[in-house]
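Remarks on the structure that follows.
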Amino acid sequence: MPIVPDGPAYAGDQDDDRGAARLSGPLFREETPYPAPIPTLNPTQSPSQSPAQNHSQNPEPMPDAPQPAPAPQKKSAGRDLSAAIGVGVGLGVVIVASLFIYKPVFVGVVAVAVVVGLWELTSRLQERKAIKAPLVPLAVGGAAMVVAGYVRGAEGAWVAMALTALAVLVWRMTEPPEGYLKDVTAGVFAAFYVPFLATFVALMLAAHDGPWRVLTFLLLTVVSDTGAYAVGWRFGKHKLAPRISPGKTREGLLGAVLFAMVAGALCMQFLIERGSWWQGLLLGLAVAASATLGDLGESMIKRDLGIKDMGTLLPGHGGIMDRLDSLLPTAPVVWLLMVAFVGSV
């Protein structure tokens with residue numbers, strides 16, 4: 001999954017406090033010297049004590065001394081970058097190896113990621129909102145959804161989605177009726193948000209050049225995230241959606257679009273059979289938009305839950321869901337455009 005730190009990573013992904021230091025120091029003191037203090041009799045001073053003696057016991061406050069200008073703070077990514085890069089590289093090796101060695105192994109990797117993501121999402125819902133979305137039917141149905149999409153195509157994925165939703169409704173009936181509606185609603189939402197969207201990765205993989213399509217999908221999403229992070233961190237000034245994700249900037253979004261379009265043109269020209277560079281430009285633009293919306297969507301969920309990350313499974317990244325946020329909504333977009341440009345087989 002993407003190796004870019006989530007932190008505030010995408011589309012600026014870094015609050016940019018660039019206020020100039022206030023002018024202070026010896027050069028900016030007032031030229032007029034302070035007048036000498038007039039000796040006064042302190043209530044605790046005896047008449048026999050001199051003002052100098054009393055001053056030594058109760059010194060007058062000194063005028064504010066000029067303070068040195070604060071040292072500029074370096075920008076920080078907000079996460080352990082060494083851990084994030086190490087984990088990202090490890091995940092990349094596992095994904096690429098399973099993708100090109102044996103397709104069913106990659107399907108298994110996707111299914112495992114889906115189950116872990118569902119566990120993280122349902123756990124946070126129960127902890128923060130007391131919503132008990134049934135995990136067992138979601139996990140079984142989610143894994144079945146991915147496999148059905150690879151084996152039986154889009155029709156199989158829709159059937160598995162319908163059966164999973166039905167299983168959620170029935171499973172929750174074994175508990176008291178209080179909270180039934182919110183629990184099953186959250187369960188159906190989780191089934192659509194995680195496994196159903198992930199099924200489009202399996203649909204891409206089923207084509208004869210499926211590994212290259214999936215690799216293009218992953219590369220474009222990662223490049224979009226990276227371009228947004230790099231450009232937004234360095235040049236970001238104008239907030240994109242401050243109420244949802246204060247770190248994301250318009251400059252970062254522009255970086256995501258430019259990076260993804262260039263990567264898309266290269267991938268479609270050299271990795272995809274019958275692909276063309278101009279198709280890659282459109283694909284990159286669509287990926288940048290969907291990845292940004294996906295990131296903002298999960299930011300909305302996490303803000304509503306009052307959490308920073310969905311989990312702690314991946315050092316430097318958060319949880320599995322924190323890596324799937326931009327991938328999940330991007331998968332159907334890439335699958336649809338691939339089918340439109342070069343066909344489904």
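The values are calculated or read from the model by the stated rules, or taken from the named source; none is laboratory data. Worth saying up front: this structure is predicted, and the values here are computed from it rather than measured. Here the Cβ positions follow ideal geometry from the backbone for every residue, glycine too, while neighbour counts run over all protein chains shown.
Of the residues contained in region 237-253, one or more are found to be under 30 Å from Trp212 (Cβ atoms) and either outside the structural domain of Leu215 (by TED's automatic domain parsing) or in contact (Cβ under 8 Å) with a residue 40 or more places away in the chain (or both). Just to be sure before I move on: is Leu337 at pLDDT 95 or above and more than 28 Å from Val87 (Cα to Cα) in the structure I sent? In short, yes.
Is it fair to say Pro137 is modelled with pLDDT under 95 and not assigned by TED's automatic domain parsing to the domain that holds Gly318? Outline the logic, then answer.
Numbers: modelled with pLDDT under 95: no; not assigned by TED's automatic domain parsing to the domain that holds Gly318: yes.
For Pro137, the condition - modelled with pLDDT under 95 and not assigned by TED's automatic domain parsing to the domain that holds Gly318 - is not met.
Of the residues making up region 303-321, one or more are closer than 26 Å to Val194 by Cα and among the polar types (S, T, N, Q).
Scan region 132-153 for residues that are β-branched (Val, Ile, Thr) and surrounded by 24 or more Cβ atoms within 10 Å (Cβ to Cβ) and the total you get is 1.
Of all residue pairs spaced 6 or more apart or on separate chains, none has beta-carbon atoms under 8 Å together with a first member in region 317-345 that is touching a residue at least 24 places away in the same chain (Cβ under 8 Å) and farther than 26 Å from Gly153 by Cβ and a second member that is assigned to a helix (DSSP H, G or I) and of a type in the set (Phe, Trp, Tyr).
So is Val257 farther than 22 Å from Lys308 by Cα, at pLDDT 95 or above and not assigned by TED's automatic domain parsing to the domain that holds Val345 or not?
Values: farther than 22 Å from Lys308 by Cα: yes; at pLDDT 95 or above: yes; not assigned by TED's automatic domain parsing to the domain that holds Val345: no.
When the stated conditions are applied, Val257 does not pass them.
Inside region 133-150, residues that are within 14 Å of Leu169 (Cβ to Cβ) and out of contact with any Gly (no Cβ under 7 Å at 6 or more places or on another chain) make up a count of 3. For region 265-316, residues that are of a type in the set (Lys, Arg) and in a loop (DSSP other than H, G, I, E, B) total 2. Among the residues here, Ala288 does not qualify as touching a Phe, Trp or Tyr at 6+ places or on another chain (Cβ under 6 Å), of a type outside the set (Lys, Arg), over 27 Å from Glu127 (Cα atoms) and surrounded by 21 or more Cβ atoms within 10 Å (Cβ to Cβ).
Just checking: which of the helices (runs of 4 or more DSSP H) contained wholly in region 142-254 hold 1 or more residues that are charged (D, E, K, R) and farther than 15 Å from Phe106 by Cα? Show your work before the answer.
Values: elements: 180-191, 197-205, 210-235.
So the answer is 180-191, 210-235.
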